[in-house]
Structure formats: C-alpha cells, structure tokens
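Peer 1: The structure is given below, and queries will be raised subsequently.
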C-alpha cells in the first residue's frame, strides 16, 4: 500500500484523534486568517449623522492623529501638573480629580488647509460647518420636552455656523427645507435661520432678532444679536449629538460661519468641524481627488472622505492596529504549534507498536516521519479549507474588536495616570473592511502548514537516535 493510502487508513481508524487534530488546526487557521486580514484592514471613521452627498469630498479631523497630538501635549505638560501645551489643558478639580480638555485651536480644521483644497482645479464650490456650540437664548423660549428635567440647564440652544447654508449636509440630504425667508449665504454676518417649531413657539418671523449669551457668562460677557433671515421645516429630525433639549432638532439654529464664536465669547477662535468640497465635473471625480491629495496641507490631521463615506485612512494610520494584528498572529501561531506538538507527541507515544513493526519490516525512520507529516498535512488541508469559508466573518469580527479597542486605549492609559480624558460625542467607526485576499490566503496557508510541519518534526525528534530494537522493546 502506498504512503498516501496508508495515511488515509490511519486517520480513518483513529477517528477521535483525527477530529481532535482537525478542531485544533481549524481554530488556529481561522485566527491566523484574522491576523493576516487585520494587518491590511481599512478603517473608515466619521461622526454620527455625517453622510456625504453628490460628487463631493469631506475633510474631517483624524481621531488617531488627535490622540497622538493629545498624548504629545500631555507629555510636555507632565504628570499630575496643571498646565497647557499645544491647545491641550490639564486642570485639577476641587474634588482632586484631573480633567483634560482641548481648546478650539486643537480641535478645529485649519482654514489655510481648507482654502488650499478649495482652490484646487476642478472644485466648483465648498462649505465649512462649525461644531455644535451651545449658548443661552436670552430673548425667546426654546422648545422643551415637558417630561424631562431642566434644573441643570438654562435656556440653552445649539448654534451651527455655515459658510453657505444651501450646501449644508442637512439641506443637501433633505433633512430640512427653508420654506420661509432665505438661506444664509457667504458674506452674511450676524444672521440666523430657525426651526418652524421655535418660530411658532415665540411668534418669530424673518426680520426679527434673537439675542444670545454665553452659557457661563462672566462680568465682561456681552450678548450678541442675530437677525432671522429664514425659517426651516424639518423633513426628518436631525440626530442630536448629545442628550438634552439644547441639542434637539427644534433647537438647532443655523447661523453665518463666524457667529457661533461671537455668541460663545470666543471671537477670533473658531471651531470648524468639517468642510465639504463639490466637484465641478463628476466625470473628473477621480482626477480631482488625486490633485487634492497631492495638495500641501497637514494631511496627518485629517480624514479625507469621498462621497461614499470611504476614508483614505488605512489601519496603519489608525493607532496600533497593525501592531496588534501582528501580535495576534504570532500568539496564535505559537500557541497552535505548542498544542499540536503536545498532541502529536501523545499520538506518537500511542503508536509505538505500529512504528516498531514498520521499522522491523525495513521501513526507514524517514518514511515513518513522512507518513506522520502527511497525516498532519491531510488534516491541515481539510481544516484549512473549512477555515477559508469561515475566515471573512471571523476576520471582520476580530477587526471590529481591534478598532473598538484602539478607540478606548488612550482613555484607559490616561485613566491609569489619574487623568480623565473625554472623547468627542457622536464619533463612531463607520466601517472596517478586513478583506480575505489572495495574499491573505497564501500567507495563512504558509503559516498553517509551517505550524503543522514544525509540530510533527519536533514530536518525531526523539525517534532519531533510537534503534528499531529499542522501540520494539517499549511495545506494550
């Protein structure tokens, strides 16, 4: 009987042992697949409610770079010390706890970078939108939920500044429509557009003026007024960025780009959350994208999203995901090889009689080892085939977990140092793509086969110095 047929018969005869080896190799294979796939996974991040439309691009802050800059600033400030560096501030509260916060200069998109991209050939127009700014509405009432408690809030509303309101994503997506008055346009100053609900509650109309003050006013604070130029109807409620009536859709007031910083008492210190750029000719979309990516701006600070919401940022730019994937890969291969070595060693010990007979009949030790290796490879091939079918789902789950771990890692590190670090509300991972490519399959196959070969050869090593008579003398 040839070596292949003999190996098949041995595997069929020892079903329990064969199934055990199959399960071990299968488990190791799917996680080896996951390790390889996660090394090249692409990560897409964006803030809740943001969806690009049309032939456009969106520029947002990159969360990984934000964490890097925050960590570098904290190192400059030092541990357990009040201080500031690069827009990052550390302050010890009366309770003794430490709070970390960032000012607008740290969080904002840079206007020079926005203008550089807006000036690229093929860009027809662009919009800039500020972050959500909460202020006190001093001469009108906001819309409130009667079932909620409001003791900790004043008459707070949300301001969102736009360069061109018609280009705002809520307008482009059809969430809101300005049906009375007009939109805010570039060059407007101290103007706003309010919701139909807020207008009806207070009897407001275009031409009236609203007055806003700082949420926590000081003695030098001054109220700011904005003229109502339009009233919008809500087609679909905008997702609130935080909990509370100040953030509910009816209390969102759109203003010109620079008004929120005035109402907040921080004029000259804007907080731009994202910028959207519209392509003049959709057929030139890819060419315009390449020109924009070649622009000389601080790209490390940003995520550059196209109109499908896909980010050009890959795992290598998303914290230490590639490093974590490599560690996972090494641990799985090492643990799998160790377990297989022990199983094969036990397997070899239970086949002393069979091996002794083979040697007594004149078969070489090399042929015996080759048979063991072939049996392991046959089991490995079957387990790897099944693992290949399961790999996409397992790889995706592992990639999702690693990205979630990365998002929380810096918070945990700072907490261990007695600091409290707060992540932006509404920021989420839009998607993780851990594709099982031909390269991933080839790399995984080499790892699995190498792991089996190493385990078999190491377990058979004790046979090398022994003579057939010694082996036969140990037969039970």
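The values are calculated or read from the model by the stated rules, or taken from the named source; none is laboratory data. Since we're looking at a predicted model, the values are computed, not measured. Don't worry about glycine lacking a Cβ; one is built from the backbone with ideal geometry, like all the others, and counts go over all protein chains shown.
Peer 1: Before we move on, is residue 277 in contact with a strand residue (DSSP E or B) (Cβ under 8 Å, 6 or more places away or on another chain) and at pLDDT 90 or above?
Peer 2: Judged against the criteria, residue 277 is a match.
Peer 1: While we're on this one: Looking at 60, 72, which is the one that is at pLDDT 90 or above and more than 30 Å from residue 277 (Cα to Cα)?
Peer 2: 72
Peer 1: To continue, here is another question. Do you know which residues across region 168-184 are in a loop (DSSP other than H, G, I, E, B) and either in contact with a helix residue (DSSP H, G or I) (Cβ under 6 Å, 6 or more places away or on another chain) or modelled with pLDDT under 95 (or both)?
Peer 2: 168, 173, 174, 175, 183, 184
Peer 1: Kindly list the number of the only condition in (1) under 19 Å from residue 162 (Cβ atoms); (2) buried (at least 18 other Cβ atoms within 10 Å of the Cβ); (3) over 34 Å from the mean Cα position of the chain (by Cα) that fails for residue 213.
Peer 2: (1)
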